[in-house]
Amino acid sequence: MAFQLPHWQDFYEKAWAFRAKFLESELQSGANALQAIKELEKKERGYTLGVNDTTGEVLYMKKEISDDEPHIKDTNIALYSKRGFNGNIIILPKHTSYDFTTLLIDLIDATGPYDAIIELGCGYGGNLFEIFYGGGPREAKYIGGEFTKSGVEIAQKLAKKAPKMKTEFFHFNHLEPKLPFKKPFKRAFVFTCHSIEQVMQINENWFDEVIKAGEFVRGAHLEPFGFQLKNSGPLSDMHKDFIIQNSWNINFAEVLRQAVERKIVKDEQIFLEMGVTPDTNVGSLAFWSKA
């Protein structure tokens, strides 16, 4: 049974509305779509988005570092951070990150052409803009499905500042995965990035619906599901506890396995705990194509 706590639905609506105001102010100041997105990323390197426990107000809280933590003198810029990888917590340079969008660009290039690049759970569409401006196909349509109304609206405003990019944004709910297309694309590339994680249980027909995007569909996911398949080390236990505490996703791997078994998708490949995300919420990779 598909399920997500209403608490998380409410939080994400508020969080994206808050981010939308920031992005809109950047657009109004003359920024293009990618510049506005990069300004938001810069802001959130120094601040954490949170909620005031008393008022319920969404706000930015400055990230603090201790005096003994390596950092640049007279700044709050840390040089190292703890990251999750392959069952362990490792120490990496602070500004190291797992560049999922570059991986997607290479995969799209190697397996294309595609007439549609689709992200489900796209937020403000940041990954789609990154792909387009980072070397993605210029003639493809970039499509984002997003649960929050504020996310869809700000993505549409960003798209107006990227006039050469063909875009479409629509409401999408992982609990009821319906696509709005009147007919399937010839070749569609579909991906998610840490969005299924927020839904405790996705529907068993999730892949059945998503493959309707195209006559041929290739899928890619960066989601924190590694603990669902294997205990790779101390991190896996910590990660499982973290996910359960937050009521986040516990059935992605099983739903994918069943889709393969039912011959809905094929060519499944999984690579566990590759995401190098901060602390415990490490992403794993899954790839498939329409059967």
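Structure values in brief
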quantity: Filter on K42/K157; K38/K161; K38/K157; K63/K157; K149/K178 - keep pairs with C-alpha separation over 23 Å; calculated: K63/K157
quantity: Cβ-derived FRET efficiency at R0 41 Å, F18 paired with N86, nearest 0.05; calculated: 0.75
quantity: Distant-in-sequence amide H partners of N173 (H built 1.01 Å from N, under 5 Å); calculated: K178
quantity: Heavy-atom accessible surface of the chain: percent carbon and sulfur, 1.4 Å; calculated: 52
quantity: Area accessible to solvent at Y124, 1.4 Å probe radius, in Å²; calculated: 30
quantity: Residue-span extension gain [S29 to E268] - 0.36 nm each, minus C-alpha spacing; calculated: 81.5 nm
quantity: Nearest-0.05 FRET efficiency for Y60 and S247, computed from C-beta distance (R0 30 Å); calculated: 0.75
quantity: Relative contact order, percent, the stretch 46-180 [alpha-carbon distance under 8 Å, six or more residues apart]; calculated: 15
quantity: Anisotropy class of the stretch 51-166 from Cα gyration tensor, a/c 1.5 cut; calculated: oblate
quantity: Accessible solvent surface per residue of the chain, calculated while the other protein chains remain in place, 1.4 angstrom probe, Å²; calculated: 51
quantity: Qualifying GluC sites (Glu not before Pro) in the stretch 33-115, DSSP loop, other Cβ atoms within 10 Å at most 10; calculated: E64
quantity: Contact order normalised by residue count of the chain, Cα under 8 Å, 6+ apart, percent; calculated: 20
quantity: Antiparallel content of DSSP bridges confined to the stretch 98-188, in %, to 5; calculated: 10
quantity: Computed FRET value (nearest 0.05) for D68 with N231, which takes r as the C-beta separation and R₀ as 45 Å; calculated: 0.85
quantity: Restraint check, K182/K212; K94/K240; K21/K166; K166/K266, Cα-Cα greater than 19 Å; calculated: K94/K240; K21/K166; K166/K266
quantity: Local electrostatic count at I250 - Lys and Arg +1, Asp and Glu -1, tallied over other residues with Cβ under 14 Å; calculated: -3
quantity: Part-to-part distance (alpha-carbon centres) for the stretch 97-132 and the stretch 216-272, which is given in Å; calculated: 20
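The values are calculated or read from the model by the stated rules, or taken from the named source; none is laboratory data. Fair warning: this is a prediction, and the values are worked out from it, not measured in the lab. Glycine gets a Cβ as well: all are built from the backbone with ideal geometry, and neighbour counts include every protein chain shown. In case anyone asks, the SASA skips ligands and DNA or RNA and just uses the protein heavy atoms, side chains included. Shrake-Rupley method; radii C 1.70, N 1.55, O 1.52, S 1.80 Å.
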